[in-house]
Amino acid sequence: MNPVVPCVPISLFLCGDVMTGRGIDQILPHPSRPHLFEPYVRSATDYVELAERTTGPIKKPVDFAYVWGDALAELERFRPDVRIANLETSITTSEDAWHGKGIHYRMNPANLPCLIAARLDCCILANNHVMDWGRRGLAETLASLRQAGICVAGAGRNESEASAPASMEVAGRGRVLVHAFAMASSGVPWEWAASKDTGGINFLKDLSSRTADAIARRVRGEKRAGDIVIVSVHWGSNWGFEIPQEQRAFAQRLIETAEVDVVHGHSSHHVKGIEVYRQRPIVYGCGDFLNDYEGIGGHEAYRSDLSLMYFPTIDASTGRLLRFALSPTRIGRFQVNRAPEEAVCWLIRTLNREGKKLGTQVERQADDTLLLDWD
């Protein structure tokens, strides 16, 4: 008779792109120099003015916790063991704007308490904005987060650091390991790839089975019994609900061969469908959790102002998904707020329409939390 293995639940908070740079940095207590190099916008303060014309005045400077709004209460309610976000900005005073790149995000290091206010455990840095202000900007970003006690994944001072997983201990239950990658399809210049002697990001060249198997060898070499492994990938275009077949095949292969427990995808500016494969969740696109896009026209049908707080609970003893709760949010006045009724309904329709192709659907609870059901 086989012994019964006790369940060891570990709860996570995942979200999509967190853009605390540019316009949002301007409303914080220590704004950076606002100059930009965009074709039509030359000052980050223009994004603040546009948002205020659209959704109302913002009393500046805001306190460091302001941008998280209602999300802080939701985090307190769910009390996840580990909090992970894709940080899409450089934290720096560097003036080395990457030549030829149209958009440059940065947050003043003096505004770092903004991230500390959300008690983030890990920031994903493998994305298309972390090196907007050059390698000097990346080095300062890494140093700033290290000083704040926030783990990083997906970038480093050399290839070894950039490819190393973030490791977070959940007392008495196990570790959460986060491997992070970024692809050219999300707008990452290939020159940003870390090398043996040069800082940069953990660049993912393709989604081939060979690449997945290489990741599998790395993951299996580090994973211990009771570890939860997350692979976080910045991939694909900003717009469109369709999930490329190569992304599905790659994510599924990571679960099959690399013993990955969660695939955390981002880059899309809107939420995408969720899949559960072999009892492991795959989030293909989390949407923008926080941005400075209010008042910018185009792509309204995708609702980039709406997002979700993703709360999967994983059994560390088996890697199996136990429960997946989702909390709907909407950005307004550069702040994460609870989504109003029409927005919750839109998110439910979208998740169920896109999830039908993937074998998932959501059900609304009395407290407006959405629970994921899967085949």
In whole Hz, with x marking every Gly and Pro, tabulate ³J(HN,Hα) for the stretch 133-148 from phi via Karplus 6.51 cos²θ - 1.76 cosθ + 1.60, θ = phi - 60°. 10, x, 5, 5, x, 5, 4, 6, 4, 4, 5, 5, 5, 4, 5, 7
In whole angstrom, how far apart do the alpha carbon centroids of the stretch 88-152 and the stretch 236-259 sit? 27
Using DSSP, restrict attention to beta bridges with both residues in the chain and report what percent are antiparallel, rounded to the nearest 5. 55
Is the stretch 87-215 best put as rounded, prolate or oblate by its Cα gyration tensor, with a ≥ b ≥ c the root eigenvalues, rounded for a/c under 1.5, and otherwise prolate when a/b is larger than b/c, oblate when not? oblate
Those cysteines in the chain that have no second cysteine Cβ within a distance under 4.7 Å are C7, C15, C114, C123, C286, C345
Would you please give the residues with an amide H less than 5 Å from that of A193, counting only those at least 5 places away or on a separate chain, with H modeled from the backbone geometry? I201
Taking the Cα centroid of the stretch 158-206 and of the stretch 315-331, what is the distance between the two, rounded to the nearest whole Å? 23
Per-residue ellipticity at 222 nm attributable to helices in the chain (runs of n ≥ 4 DSSP H, -39500 (n - 2.57) apiece, nearest 500 deg cm²/dmol) works out to -7000 deg cm²/dmol
With a cut-off of 8 Å between alpha carbons and a minimum separation of six or more residues, what is the relative contact order of the chain in percent? 18
Candidates (1) 25.0, 85; (2) 21.3, 68; (3) 19.5, 70; which is the computed Rg and Dmax of the Cα atoms in Å? (3)
Of all DSSP beta bridges having both residues in the stretch 1-160, the percent classed as antiparallel (nearest 5) is 5
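Rule-based calculations on the coordinates, nothing more; no lab input. Predicted model, so just to flag it, every value in this text is computed and none were measured. Positions of Cβ are backbone-derived with ideal geometry, glycine not excepted, and every protein chain shown enters the neighbour counts.
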